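The structure appears below as structure tokens.
The values are calculated or read from the model by the stated rules, or taken from the named source; none is laboratory data. Note that this is a predicted model, so its numbers are computed, not measured. Because the Cβ atoms are built from the backbone with ideal geometry, glycine has one as well, and the counts that use them run over all protein chains shown.
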Amino acid sequence: MPKKTPLHDIHMELGASFTDFAGWSMPLRYTSELVEHHAVRTAAGIFDLTHMGEIELSGPEVGRALDHALVGRPSKIAVGRARYSMLVHETGGVLDDLVVYRLAEEMYLVVANAGNTLVVLSQLRDRIDGYVTTIRDTSGEWALIAVQGATSPAIVSELADVEVPLLKYYAIGPARLADREVLLARTGYTGEDGFEIYCRPEDAMAVWRSVSAVGVRHGLVPCGLACRDTLRLEAGMPLYGQELTVGTTPFDAGLGRVVVFGKPGGFVGEAALAARRDEGPTRVLVGLASTGRRAPRTGYAVLDPDTGERIGEVTSGALSPTLGHPVAMAYLPTDRSEPGTKVLVDIRGSQEYAEVVPLPFYRRRA
Amino acid sequence: MSLPTDLMYTSDHEWIASEGDLSTVGVTAHAADALGDVVYLDLPAVGATIKAGDACGEIESTKSVSDLFAPADGEVVDINEAAVAEPGLVNTDPFGAGWLFRMRITGTPDLLDATAYAAFTAGA
């Protein structure tokens with residue numbers, strides 16, 4: 001039986017369709033994923049993300065321990081700030097992409113993809129060995145509710161006892177929200193401004209109901225994982241298992257900027273990543289745009305338009321709800337990755353033209 | 001969800017309304033709900049001969065692509081151009097404006113009545 005989140009009864013009340021995701025029964029959509037997608041782009045949406053894995057690390061050497069374990073430099077994150085980072089294998093292949101929050105001088109919260117939490121936990125446990133650091137899987141102690149979209153600051157401002165405009169992008173702090181103690185972070189995975197609210201499981205229903213009640217006046221609707229996927233795709237954000245796998249390095253995915261070389265003591269995967277940086281990746285992640293309505297999808301072959309030869313593969317794709325045409329991400333040879341390059345995608349036997357375009361497909365107006 | 005009792009159904013979640021020798025085919029609300037928002041329809045060509053159980057088109061939603069199966073042997077005589085132009089009709093009115101195509105059935109297809117189809121989906 002898949003696990004139910006503390007918000008399951010609310011999802012049932014709201015008539016959600018559920019999907020099994022990484023051992024959890026999660027809302028896929030409530031009404032229409034297109035309506036939910038547009039709500040986040042034009043107003044706001046509320047998501048249950050309790051399936052995400054939370055790992056807490058603390059101790060006097062925790063910063064150095066994480067510098068060794070991850071590709072980034074968590075020791076340099078200011079208290080109350082967050083960074084996007086990755087855990088890589090010795091080969092440089094990505095084991096998971098993560099958000100690392102520094103909650104206090106000697107305490108971090110690492111948020112992992114649901115399906116990778118156990119891998120991240122066991123790898124971190126091995127890698128911090130020898131540092132004065134303790135690690136705990138706190139996934140069961142947190143519910144996670146995201147409020148995303150342009151009206152989310154107004155919604156959260158009405159409920160939280162903090163000056164929301166002062167909470168910067170990729171910042172986190174304790175707050176009292178709807179009379180509950182929470183961690184309020186300005187992070188997200190939709191390409192919009194937004195918040196992630198970490199609360200105790202027993203407080204999750206109250207937080208959800210309060211946000212929803214206030215949100216109604218700001219166009220907020222409950223949103224499932226289906227629209228979360230099209231939102232992150234338009235925003236050019238990678239999804240583990242599709243754009244990121246143990247067979248890809250951060251450089252292949254165009255995310256070399258998250259890798260920090262020359263940290264004291266080095267980090268796991270450094271030699272392999274330095275080599276990849278110096279050689280340059282042979283294939284890179286690109287955006288593809290096409291016309292019509294048939295979207296390139298995960299696993300479809302990308303072909304050379306002159307020879308018909310297979311040159312790459314689509315990792316994610318959909319008919320973009322915001323843009324109205326198909327968009328996709330794909331790995332292509334580096335010499336075919338320039339924007340403007342024409343390729344063919346084999347869409348179930350029929351070959352459709354697509355063009356390499358810069359990522360992201362969608363960028364919110366500042 | 002209410003299931004029209006004047007229609008016949010298939011285990012591929014299609015409905016058939018027969019009037020004289022013409023039959024209208026669509027997908028059930030159960031199928032439309034499972035698919036999510038339909039964004040593209042690839043329907044069989046008018047004049048095509050189709051065979052029960054064979055794929056004769058595609059239904060593409062935001063998240064997935066599904067084959068459209070011929071519910072019976074016969075010839076396609078009309079397709080719903082309005083639904084091709086606005087595939088969301090399959091979600092908003094699956095038993096009405098979201099119909100897919102009309103066909104002239106040959107032979108006797110193996111179909112379920114509403115009670116049998118309801119029992120079939122209850123077990124799904």
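Here's a check for you: in region A:262-308, which residue that is part of a loop (DSSP other than H, G, I, E, B) and of a type in the set (A, V, I, L, M) is farthest from the other protein chains (Cβ to nearest Cβ)? Break it down into steps so the answer makes sense when it comes.
The initial filter retains those residues of region A:262-308 that are part of a loop (DSSP other than H, G, I, E, B), namely A:262-269, A:280-282, A:290-300, A:304-308.
Still in the running and of a type in the set (A, V, I, L, M): A:268, A:295.
Values: A:Val268: 35, A:Ala295: 7 Å.
Looking at residues that are part of a loop (DSSP other than H, G, I, E, B) and of a type in the set (A, V, I, L, M), I get A:Val268.
Looking only at region B:86-115, which residues are part of a loop (DSSP other than H, G, I, E, B) and more than 17 Å from B:Ala34 (Cβ to Cβ)? Please lay out each step first, then the result.
Just the residues of region B:86-115 that are part of a loop (DSSP other than H, G, I, E, B), to begin with: B:86-88, B:93-100, B:106-111, B:113.
If the condition is that a residue be part of a loop (DSSP other than H, G, I, E, B) and more than 17 Å from B:Ala34 (Cβ to Cβ), then B:Glu86, B:Gly96, B:Ala97, B:Trp99, B:Thr106, B:Gly107, B:Thr108, B:Pro109, B:Asp110, B:Leu111, B:Asp113 are the ones that fit.
When B:Ala32 is tested against (1) within 14 Å of chain A (Cβ to nearest Cβ); (2) touching a residue at least 40 places away in the same chain (Cβ under 8 Å); (3) in a strand (DSSP E or B), only condition (3) is not met. Does region A:331-341 contain at least one residue that is among the small types (Gly, Ala, Ser), surrounded by 16 or more Cβ atoms within 10 Å (Cβ to Cβ) and under 30 Å from A:Val35 (Cβ atoms)? Among the residues of region A:331-341, not one is among the small types (Gly, Ala, Ser), surrounded by 16 or more Cβ atoms within 10 Å (Cβ to Cβ) and under 30 Å from A:Val35 (Cβ atoms), which makes the answer no.
In the condition set (1) assigned to a strand (DSSP E or B); (2) touching a helix residue (DSSP H, G or I) at 6+ places or on another chain (Cβ under 7 Å); (3) surrounded by fewer than 17 Cβ atoms within 10 Å (Cβ to Cβ), B:Glu58 is compliant with all but (2). Counting the residues of region A:209-255 that are surrounded by fewer than 23 Cβ atoms within 10 Å (Cβ to Cβ) and over 27 Å from A:Leu323 (Cβ atoms) gives 10.
Within region B:33-44, identify whether any single residue is of a type in the set (Val, Ile, Thr), closer than 24 Å to B:Asp6 by Cα, within 14 Å of the chain's Cα centre (by Cα) and at pLDDT 95 or above, and answer yes or no.
First, the residues of region B:33-44 that are of a type in the set (Val, Ile, Thr): B:38-39.
Checking which are closer than 24 Å to B:Asp6 by Cα leaves us with none.
Scanning region B:33-44, I find no residue that is of a type in the set (Val, Ile, Thr), closer than 24 Å to B:Asp6 by Cα, within 14 Å of the chain's Cα centre (by Cα) and at pLDDT 95 or above, so the answer is no.
Of the conditions (1) outside any loop (DSSP other than H, G, I, E, B); (2) more than 17 Å from A:Ala146 (Cα to Cα); (3) in contact (Cβ under 8 Å) with a residue 12 or more places away in the chain, A:Pro238 satisfies every one except a single condition; which number is it? Condition (1) is where A:Pro238 drops out.
If you check A:Gly92, A:Gly53 for being crowded, with 20+ Cβ neighbours inside 10 Å, more than 14 Å from chain B (Cβ to nearest Cβ) and out of contact with any strand residue (DSSP E or B) (no Cβ under 6 Å at 6 or more places or on another chain), only one passes: A:Gly92.
Filtering B:Ala83, B:Ala118 for residues that are farther than 14 Å from B:Thr28 by Cα, in a helix (DSSP H, G or I) and not acidic (Asp, Glu) leaves a single hit, B:Ala83.
From the list A:Ser85, A:Ser25, the one residue that fits, being under 22 Å from A:Leu255 (Cα atoms), polar (S, T, N, Q) and either in the same structural domain as A:Arg217 (by TED's automatic domain parsing) or in contact with a Gly (Cβ under 9 Å, 6 or more places away or on another chain) (or both), is A:Ser85. Looking at this structure, is A:Arg64 of a type outside the set (Val, Ile, Thr), modelled with pLDDT of 95 or more, out of contact with any strand residue (DSSP E or B) (no Cβ under 6 Å at 6 or more places or on another chain) and over 22 Å from A:Ala185 (Cβ atoms)? When the stated conditions are applied, A:Arg64 passes them.
Scanning region B:61-80 for residues that are part of a loop (DSSP other than H, G, I, E, B) and away from every other protein chain (no Cβ under 12 Å) gives B:Ala70, B:Pro71, B:Ala72, B:Asp73, B:Asn80.
Within region A:1-46, the set of residues being part of a helix (DSSP H, G or I), of a type in the set (A, V, I, L, M), away from every other protein chain (no Cβ under 12 Å) and surrounded by fewer than 18 Cβ atoms within 10 Å (Cβ to Cβ) comprises A:Met12 only. Within region A:185-230, the residues that satisfy the criterion of being hydroxyl-bearing (Ser, Thr, Tyr) and part of a loop (DSSP other than H, G, I, E, B) are A:Thr187, A:Tyr189, A:Thr190. Could you list all residues from region B:61-104 that are buried (at least 21 other Cβ atoms within 10 Å of the Cβ) and over 30 Å from A:Pro321 (Cβ atoms)? Matches in region B:61-104: B:Ala70, B:Pro71, B:Ala72, B:Gly74, B:Val76, B:Met103. Is there a residue being closer than 22 Å to B:Val65 by Cβ, surrounded by 16 or more Cβ atoms within 10 Å (Cβ to Cβ), in contact (Cβ under 8 Å) with a residue 12 or more places away in the chain and in contact with a helix residue (DSSP H, G or I) (Cβ under 9 Å, 6 or more places away or on another chain) anywhere in region A:293-315? Looking for residues that are closer than 22 Å to B:Val65 by Cβ, surrounded by 16 or more Cβ atoms within 10 Å (Cβ to Cβ), in contact (Cβ under 8 Å) with a residue 12 or more places away in the chain and in contact with a helix residue (DSSP H, G or I) (Cβ under 9 Å, 6 or more places away or on another chain), one finds at least one in region A:293-315, hence yes.
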